[in-house]
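First up is the structure itself, then whatever we jot down about it.
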Ligand SMILES: [Fe+2]
Ligand SMILES: [Fe+2]
């Protein structure tokens, strides 16, 4: 594997783990506010991000590549309004999309078609992540300022369940 591509993938493991930690911090914020549905949503989100990291971890090992684990950054955002984590999550997913696109571009440059195919899942996933994050902001703006609306939205988010994704189960 091209060293630059390997390095970018290796770094992405850390970025996905940081995403998990960032979302756990958002769950933490909503837990303190008594919004169990919102916190459930972000706990599930955190688990999915760990899956994203593990899939890259296994992809590198399956291709005989070295994996180096670095320190995961501290989530240091301070949230005040209930909508703050939602906005931060959307901005974060847009940032992650850029990261994935950068790796994709590098893999294409060196004709690493296997990595390109592997990353196709991530490209599609980022589209869904951005849509989910942006939809949540829209719903919050529409219903979140009304206590009854907020209650129902919290119930909706409480229904989100986690399904593990692995290299074996990932499909486009
Ligand atoms: Fe991710
Ligand atoms: Fe994500």
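Each value in this text was obtained by applying a stated rule to the coordinates, not by laboratory testing. Remember, it's a predicted structure, so these values are computed and weren't measured experimentally. Because the Cβ atoms are built from the backbone with ideal geometry, glycine has one as well, and the counts that use them run over all protein chains shown.
Annotations
- Taking the helices alone, the chain has a mean residue ellipticity at 222 nm of -26000 deg cm²/dmol, built from -39,500 (n - 2.57) per DSSP H run of at least 4 residues and averaged over all its residues.
- Compared with the alpha-carbon gap, the fully stretched path from residue 114 to residue 141 is longer by 5.5 nm at 0.36 nm per residue.
- A Förster distance of 35 Å, applied to the separation of the beta-carbon atoms of residue 77 and residue 151, puts the FRET efficiency at 0.85.
- As a length-normalised measure over Cα pairs under 8 Å and 6 or more apart, the relative contact order of the chain settles at 31 percent.
- Sequence ranges 59-65, 38-44, ranked by mean other-Cβ count within 10 angstrom, highest first: 38-44, 59-65
- Given R0 = 35 Å, the distance between the Cβ atoms of residue 21 and residue 163 translates into a calculated FRET efficiency of 0.95.
- Angle in degrees between helix 84-109 and the longest Cα principal axis of the chain, rounded to the nearest 10: 10
- Cα gyration tensor category, rounded, prolate or oblate, for the stretch 1-92 with a/c compared to 1.5: prolate
- If you wrap the tightest convex hull around every Cα atom of the chain and split its volume per residue, you get 103 Å³.
- Between residue 11 and residue 69, the simple label model (points 7 Å from Cα in the Cβ direction) yields a spacing of 2.1 nm.
- Per-peptide average of other Cβ atoms within 10 Å, ordering 114-120, 155-161, 128-134 highest first: 114-120, 128-134, 155-161
- Angle of helix 3-33 to the longest C-alpha principal axis of the chain, folded into 0 to 90 degrees and rounded to 10: 10°.
- Taking 0.890 mPa s as the viscosity and 25 °C as the temperature, the Stokes-Einstein diffusion coefficient of the stretch 45-110 based on its alpha-carbon Kirkwood radius rounds to 170 µm²/s.
- D_trans [Stokes-Einstein, Kirkwood Rh over alpha-carbon pairs] for the stretch 1-42, 20 °C, 1.002 mPa s, µm² s⁻¹: 184
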